[in-house]
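Some notes on the structure that comes next.
The values are calculated or read from the model by the stated rules, or taken from the named source; none is laboratory data. From a predicted model like this one, the values you see are computed outputs, not experimental measurements. No Cβ is skipped: glycine too gets one built from the backbone with ideal geometry, and neighbour counts run over all protein chains shown.
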Amino acid sequence: MTERPVKLAVGIGKVRATAETWDRDKIAKHGKLVEAKPLELEVQKQVDSKLFVLRDESGRERAKLGVTDTNATSLSLYDALGKERISIFVLADGSSTVALYDDQGLVRTMLSRGETAGLRD
């Protein structure tokens, strides 16, 4: 489905209904995912690894998913300049954290649950 419903109206009394849709490609503000061209090779159904690194066309890291040396699971997303902007962690004890970073790489907003919960300067 390439369209997204944006308006739905249902009349009372007389039965009538209208719907409007917009083509997602025309209203996308943040770009579309770049899809790889289909390969003639069979696609793997599972990939096992300790670290996955996603790079853009320039070779810059844009995302990293892995297990840290403290046995935490981490997902970090980077902007086009390679600056970390958001990180999601699940620690070995089960507590979790989401951190948002500013232009200088400092944590500006943090949401935590578990042992690490609390306010941060």
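Looking only at the range 30-75, count how many residues are exposed (fewer than 10 other Cβ atoms within 10 Å of the Cβ), more than 25 Å from Asp93 (Cα to Cα) and at pLDDT 85 or above. Residues flagged as exposed (fewer than 10 other Cβ atoms within 10 Å of the Cβ), more than 25 Å from Asp93 (Cα to Cα) and at pLDDT 85 or above within the range 30-75 amount to 3. Filtered by the rule that a residue be surrounded by 13 or more Cβ atoms within 10 Å (Cβ to Cβ) and part of a loop (DSSP other than H, G, I, E, B), the range 84-97 gives Leu91, Ser95. In the range 93-121, of all residues being hydrophobic (A, V, I, L, M, F, W, C) and modelled with pLDDT of 90 or more, the one that is nearest to Tyr78 (Cα to Cα) corresponds to Leu100.
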